[in-house]
Amino acid sequence: MSSNQSEPDSPPQTLVKIRGLRYFRGSRAIFDGVDMDIKRGKLTAIMGPSGTGKTTLLRLIGGQLRPQQGSIIVDGMEVNKLNHRQLYELRKRMGMLFQNGALLTDLNVFDNVAFPLREHTRLPESMVRSLVLMKLQAVGLRGAHKLIPSELSGGMSRRVALARAIALDPMMIMYDEPFTGQDPISMGVLVSLLKNLNDALNLTSILVSHDVRETLSIADDVYVISEGKVVEHGPADVVQKSGSDWVQQFIQGKNDGPVPFHYPAPELIDDLMHG
Amino acid sequence: MLDQLQRLGSASLNTLERLGRGHLFLLNVLTGIPGLFLRFRLVIHQIYSVGVLSLLIIGVAGLFVGMVLGLQGYNTLVDFGAEESLGVVVALTLVRELGPVVAALLFAGRAGSALTAEIGLMKATEQLSAMEMMAVDPLHRVVAPRLLAGFIALPLLAALFSAVGVMGGYFVGVGLLGVDEGAFWSQMEDKVDLFDDVLNGVIKSIVFGFVVTWIAVFEGYDTTPTSEGVGRATTRTVVHSSLAVLGLDFVLTALMFGD
Amino acid sequence: MEQSRVIQIWVGLFVAIGLASLFMLAMKVSNISALTEQDGYILKANFENIGGLKIRSPVTMAGVVVGRVSSIDFDRNTYEAVVFMTIDFKFDNIPDDTSASIFTSGLLGEQYIGLEAGGSQDYLKEGDSFTLTQSAVVLEKLIGQFLVSKADE
Ligand SMILES: Nc1ncnc2c1ncn2[C@@H]1O[C@H](COP(=O)(O)OP(=O)(O)O)[C@@H](O)[C@H]1O
Ligand SMILES: [Mg+2]
């Protein structure tokens, strides 16, 4: 940390640097040698089919999981070498938006957004109130501050969670599939919200998604992962023109291709005969 | 045969592992307790949900148990012409055993299961993960206040159970069956000892409060994060904490009243 | 804010109810009052056999509790039990020829010491002994004697 503060004029361009990452669940490799560079101030998208480990990757970056091999360096600090206190200090500067918002169900919208402020600062209540209302205004839900989480739609929950994630003005924010299961309107709202927040607050954003069109429309940089490896990397237009059949199948959503429609099985006729 | 042996082996290993995790979990939670005294509001909220909301069931159950003790005790004692000892019988049974034990069993069913379900659902809906990512340790913010609240609430509930039970025994014995009022109270006062009986009962309920709440919050925190997992964890809380209470009651009784 | 006030009031009430219950158990159900009035003077008595007499067993006179057994010892020379009892200062006129006997309340009840006043003008003082004592009746002995006398008939 101190080395960073001594040279504030020239922060390294890469905020998150992942090298040789290997992560296993049991004997199954979720990540098998992944390198990534997340650039400061940019919106980086990580795409891949369900179950490839996108959520796992975000948890690894946030230090909730430890890799068996390789290093994850966030703002100059190796995440899995930090002690409890250092890790928690680092997390105060990270925001994360969980798949379904993960709002605290026993608090109303206002108290949810105020939660990080009340936990980590000693601001007077009037200041907390102004800050919370400003954050809620940014996501367009200032009028909803008295509602409780069960009264919110899925899209609203995510926007409240977003307001909560930016409450402490973090340096980076991670979005876990923010568009999944949204109707076209709230999807559009979320897409532009993400883009605007990234630009206006000079945030570094990591966007995990398999909603190809929306993601490619706002991402500065794209990683496509599959079966534990990075299969494509580059700006959105480069990825779109990828020569890989697999990437083309994924981007265009074809039902058969390198990823077969059928789960591996013996010939149908054999199964029927022996059934 | 080998299969069964293997199953036995893996079951014991699992149990040992869970026990280990439970203790490690407890250690981590306990480090959060001192900080709570600066934010006692969190604990007060939890005392409300585990204590105040259990008041009614504990009070009603205590009254009925005391009334039954009054009836049964009278029927037995009257054969020996010793019905004036009814107060002693009712009070000793409640203060030493039934107060701490039945209150703890009811507490496990009412408050323990609710704690498990609440924490388990917070885990299943990623609220605990979200807290971790907001640099708030859920063991300190969510679990520790609940543990402390259970620890405070059960001894008070058990005392209420015993006190209401004595009143119930009094209504039945003195009010309905005509036991002499003076003898009822004076014999009780004479034979029930503050330290040997009342204090030992309170110690029991403190131990039970701690163990039941510990099991409840651990089961919630350790749950498989699905709705089915939460359901199973809730059942386990009630079963395990009830067994723990009854087993510990035997051990504590042997230690306290065993000579 | 309003709701948390309600919760705090409820919790306050809850703690008050719990403490009141504890207080009732201590004051009304158990013998805290007996513990506090340990002021008094000590008398002792030798018994051949004290049966089930215990520390804190009552000492009565005409059925009124005048004190409690404070300690029980064993005399190595006479092979008798030595019972020390604390008698309340209120009862400072116990004649020195008073007898002390061990009785049982009811058939199976607790044992206690019963004092029967004598006619002397001199009163027992701190540290004095009762000269006339009668031991506990041991039920087994009684039954034994009864059987033997029956067999003799
Ligand atoms: N707690 C867990 N225990 C065992 N396996 C898990 C657990 N969490 C995730 N996995 C496995 O890890 C893989 C990656 O999961 P995840 O990161 O959630 O994928 P994604 O977010 O890309 O859909 C999945 O195949 C899943 O089965
Ligand atoms: Mg996921």
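The values are calculated or read from the model by the stated rules, or taken from the named source; none is laboratory data. On a predicted model such as this, the values are computed, not experimentally measured, just so you know. Backbone-built Cβ (ideal geometry, glycine too); neighbour counts: all protein chains shown. The accessibility values were calculated without ligands, DNA or RNA, using every heavy atom of the protein model including side chains. Shrake-Rupley method; radii C 1.70, N 1.55, O 1.52, S 1.80 Å.
If I go through the stretch A:175-202 residue by residue, how many of them are in a loop (DSSP other than H, G, I, E, B) and within 20 Å of A:ILE38 (Cβ to Cβ)? Result for the stretch A:175-202: 5.
Among the residues of the stretch A:43-57, not a single one is more than 13 Å from ligand 1 (Cβ to nearest atom), open to solvent by less than 50 Å² (accessible area, probe 1.4 Å) and on the phi > 0 side of the Ramachandran plot. Look at (1) modelled with pLDDT under 90; (2) within 16 Å of ligand 2 (Cβ to nearest atom); (3) of a type in the set (A, V, I, L, M, F, W, C) and you find that A:ALA200 fails only one, number (2).
Any chance the stretch A:61-83 includes a residue that's within 13 Å of ligand 1 (Cβ to nearest atom) and outside any loop (DSSP other than H, G, I, E, B)? Yes, the stretch A:61-83 contains a residue that is within 13 Å of ligand 1 (Cβ to nearest atom) and outside any loop (DSSP other than H, G, I, E, B).
Here the condition is being closer than 28 Å to A:PRO178 by Cα and at pLDDT below 90; of A:SER71, A:SER50, A:SER2, A:SER27, it holds for A:SER50 alone.
The conditions of being small (Gly, Ala, Ser), in contact with a Lys or Arg (Cβ under 6 Å, 6 or more places away or on another chain) and in contact (Cβ under 8 Å) with a residue 24 or more places away in the chain are not met by A:GLY76. Those helices (runs of 4 or more DSSP H) of the stretch B:1-103 in which 1 or more residues are touching a Gly at 6+ places or on another chain (Cβ under 7 Å) and surrounded by 15 or more Cβ atoms within 10 Å (Cβ to Cβ) occupy B:40-50, B:55-78, B:86-92. When A:LYS81 is tested against (1) open to solvent by 60 Å² or more (accessible area, probe 1.4 Å); (2) without any contact (Cβ under 8 Å) to a residue 12 or more places away in the chain; (3) at the interface with chain B (Cβ under 8 Å from one of its Cβ atoms), exactly one condition is not met: (3). Residues in the stretch A:19-33 that are away from ligand 2 (no atom under 16 Å from the Cβ) and touching a helix residue (DSSP H, G or I) at 6+ places or on another chain (Cβ under 8 Å): A:LEU21 alone. Does A:ARG142 count as more than 16 Å from ligand 1 (Cβ to nearest atom), open to solvent by 40 Å² or more (accessible area, probe 1.4 Å) and under 23 Å from A:LEU203 (Cα atoms)? When the stated conditions are applied, A:ARG142 passes them.
Per the listing B:VAL43, B:VAL90, the residue uniquely closer than 30 Å to B:LEU139 by Cβ, away from chain A (no Cβ under 14 Å) and either in contact (Cβ under 8 Å) with a residue 24 or more places away in the chain or in contact with a Phe, Trp or Tyr (Cβ under 7 Å, 6 or more places away or on another chain) (or both) is B:VAL43.
So which residues in the stretch A:98-129 are away from chain B (no Cβ under 14 Å), surrounded by fewer than 16 Cβ atoms within 10 Å (Cβ to Cβ) and either touching a residue at least 60 places away in the same chain (Cβ under 8 Å) or in a helix (DSSP H, G or I) (or both), if there are any at all? Hits for the stretch A:98-129 are A:SER126, A:MET127, A:ARG129. Could you please find all residues in the stretch B:184-201 being open to solvent by less than 10 Å² (accessible area, probe 1.4 Å) and more than 10 Å from chain C (Cβ to nearest Cβ)? Listed by number, the list holds a single entry, B:PHE184. Among the conditions (1) open to solvent by less than 10 Å² (accessible area, probe 1.4 Å); (2) closer than 30 Å to A:ARG164 by Cα; (3) among the charged types (D, E, K, R), the only one that B:LYS204 does not satisfy is (2). Show the residue pairs that are 6+ apart or on different chains and have beta-carbon atoms under 6 Å apart, the first residue being within the stretch A:38-49 and more than 17 Å from A:ASN196 (Cα to Cα) and assigned to a loop (DSSP other than H, G, I, E, B), the second being open to solvent by 10 Å² or more (accessible area, probe 1.4 Å) and within 16 Å of ligand 1 (Cβ to nearest atom). Within 6 Å, the pairs are A:GLY48/A:SER226.
Over 22 Å from the mean Cα position of the chain (by Cα) and either more than 16 Å from ligand 2 (Cβ to nearest atom) or not in a loop (DSSP other than H, G, I, E, B) (or both): does that describe A:VAL132? Here the answer is yes, as A:VAL132 does meet what is asked. Between C:THR86, C:THR78, the distinction of being surrounded by 19 or more Cβ atoms within 10 Å (Cβ to Cβ) and modelled with pLDDT of 85 or more belongs to C:THR86 only. Within the stretch A:172-186, the set of residues being more than 16 Å from ligand 1 (Cβ to nearest atom) and within 16 Å of the chain's Cα centre (by Cα) comprises A:MET172, A:ILE173.
Scanning the stretch B:155-180 for residues that are within 13 Å of chain C (Cβ to nearest Cβ) and open to solvent by 60 Å² or more (accessible area, probe 1.4 Å) gives a single hit, B:MET167.
Has the stretch C:45-60 got any residue that is modelled with pLDDT of 85 or more, in a loop (DSSP other than H, G, I, E, B) and not polar (S, T, N, Q)? There is at least one residue in the stretch C:45-60 that is modelled with pLDDT of 85 or more, in a loop (DSSP other than H, G, I, E, B) and not polar (S, T, N, Q).
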